[in-house]
Amino acid sequence: MIAMSRASLAYYTNLIKTVSREDWKAALTALFVTLRETFVFDNLAIYVCDHAGGLPEVIFARAVGRGKSREADASWGEEIATQVLAVEGIVMAAPTEDSDDRIAMAHRLGLPLPLVDGCGVLVFVRFGGPTFLVEETSLAVLAAAQTARILERRSLREHMTQLELARHRAQLQDDFIATVSHDLHTPLGFIKGYATSLLRPDTTWDIETQREFLTIIDEESDHLIDLIDRLLDSARLQSGMLDMDFQPVRLDTLLRDVVLRSRGRTPSLEVNLDLQPIEPIQADNVRLGQVFENLLDNAAKYAPDTPVTIRLESLDGKAVISVSDRGPGISAEHMPFIFERFYRVPEQSSKRGTGLGLFICKQIVQAHRGRITVHTAPGKGTSFRIELPVKQEKGKKA
Ligand code: ADP
């Protein structure tokens, strides 16, 4: 369910960009190209009032005739746009002094845009004349009306897309609450159930069964602690409140420690180490250890019974670490999302997880001004690669 929502979120984000950037501008361009066949002008600009009541802001400008410079686009219409808004009607202005520079001889016509909501101005200019005549304005008024309709359609579409986006965000939020409550509830249910069984006054359990129940309680408590830690970490990372303690770190030593700990959790894990001696880097030992541990645990979980290779080398002044397995890989459709918060590949959702691990890894690596990337081939394996700079600014927060 989350996978679907993530994909459509990306779709809607793109959609909103396309709608707002492309459609309405193309429609306006077509309108003014047609208009110019019967109504002569060099440049035009559309101004709209901002919501704070400041000066009108240019949102569209075209230079189609003489004086095609960008400067002409931006500056010639501002004054008349302000006048149109003040008088709430058509304003015509001819240059008051003669000049040899045609760009300085701007004849301008400004018309209010009949917008249902908000205000705006359409301004035309003829550099060097002829002066706009009152009899000519009817076509310009028609163009202003069309312009207003196009702009209203644009904002209507933007509102609709925003609404869709908000609905999808709410859906993601619902998915998140459902996932977290399920993930919190499941271990708690086990813990409560087995503890209640052990405490039943009418039953006595042999030592072996007691141990079995206590082991389950112990493991489920670990899952709970892990989930809560990850939720807290991800919340802190998102709000930039996770402190980083940068110290000189020997990556080969750290990687060996992590492997040792992972083997403690998964004794069958086969890990090949190819660690080149590199100089210590400035890093947060604990947080970086968390990243490697997560990648190794993922390899053990999603690529069970296949060997994992960890490499460390120095490349172009950076420390480069890769963790590669020979498991099922990740299919292309999921690749854009796997570093996102709570994203899990649906086919692998039977394996226990939170979808937070890779998100946290990426945030920690970025807090080190590093980069994490993934290369995968379905059926052949997955390789995570981390590049870290050797030096850091001290006392940085994530
Ligand atoms: P979790 O493991 O808790 O689900 P992660 O954020 O660590 O969350 O991983 C996100 C998803 O990426 C996993 O659900 C899994 O589908 C996929 N994934 C991560 N590592 C591997 C791997 N080594 N091989 C295959 N898939 C992986």
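The values are calculated or read from the model by the stated rules, or taken from the named source; none is laboratory data. Computed from a prediction, not measured in an experiment: that's the story for all the values here. As a convention, Cβ positions derive from the backbone with ideal geometry for all residues, glycine included, and neighbour counts pool all protein chains shown. These area figures cover heavy atoms from the full protein model, side chains too; ligands, DNA and RNA do not enter into them. Shrake-Rupley method; radii C 1.70, N 1.55, O 1.52, S 1.80 Å.
A crude spin-label estimate for the pair Gln83 and Ala104, with each label 7 Å from Cα along the Cβ direction, gives 1.9 nm. For a modelled paramagnetic label at Glu97, 7 Å from Cα along Cα-to-Cβ, no residue of the range 109-148 is in reach, as no backbone nitrogen comes under 13 Å. Computed over protein heavy atoms with a 1.4 angstrom probe, the accessible surface ordering of Leu163, Leu356, Leu133, largest first, is Leu163, Leu133, Leu356.
Using only the alpha-carbon atoms of the range 125-251 as identical scatterers, what base-10 log of I(q)/I(0) does the Debye formula give at q = 0.12, 0.18, 0.21, 0.22 Å⁻¹? These q points yield log10 I(q)/I(0) values of -0.81, -1.08, -1.18, -1.22.
Equivalent ellipsoid of the range 176-281: semi-axes from √(5λ) of the C-alpha gyration tensor, largest first, are 37, 23, 11 Å.
Just so you know, the averaged projected area of the alpha carbon convex hull for the chain sits at 30.1 nm².
The helix-based estimate of mean residue ellipticity at 222 nm for the chain, built from -39,500 (n - 2.57) per DSSP H run of four or more residues and divided by its residue count, is -16000 deg cm²/dmol to the nearest 500.
Note on Thr266 and Arg169: the model spin-label points, each 7 Å out from Cα along the C-beta direction, lie 3.7 nm apart.
At a 1.4 Å probe, what is the % contribution of carbon and sulfur to the accessible area of the chain? Carbon and sulfur atoms account for 55 percent of the accessible area of the chain. Placing R0 at 35 angstrom, the Cβ-Cβ distance between His159 and His375 gives a FRET efficiency of 0.30 after rounding to 0.05. Of Ser322, Ser268, the residue with the largest accessible area leads and the full order is Ser268, Ser322 (1.4 Å probe).
Dipole of the range 247-389 computed with +1 at Lys/Arg Cβ and -1 at Asp/Glu Cβ about the Cα centre; of Ile278, Thr376, Ser314, farthest Cα towards the positive end is Thr376. Where both bridge residues fall in the range 247-389, DSSP classifies roughly 85% of the beta bridges as antiparallel. Taking the DSSP bridge list for the chain and keeping only pairs wholly inside it, about 90 percent are antiparallel. Computed from the C-beta positions of Ala332 and Thr196, the FRET efficiency with R₀ = 41 Å rounds to 0.30. Ligands, DNA and RNA are left out, and with a 1.4 angstrom probe the accessible area of the chain is 55 Å² per residue. Once all protein chains are placed together, Ser324 keeps about 30 Å² accessible to a 1.4 angstrom probe.
With 0.36 nm allotted per residue and the present C-alpha distance subtracted, the Thr253-Arg236 stretch has 3.4 nm of extension available.
Taking one quarter of the surface of the C-alpha convex hull of the range 333-397 gives a mean projected area of 5.4 nm². The slack between Ser350 and His185, meaning 0.36 nm per residue of separation minus the straight C-alpha distance, is 57.8 nm.
With respect to the chain, whose longest principal axis is taken over its alpha-carbon atoms, helix 78-87 is tilted by about 80°.
Across the chain, Cα pairs under 8 Å and at least six residues apart give a relative contact order of 13 percent. Per-residue surface analysis assigns Ile177 an accessible area of about 90 Å², computed on protein heavy atoms at 1.4 Å probe radius.
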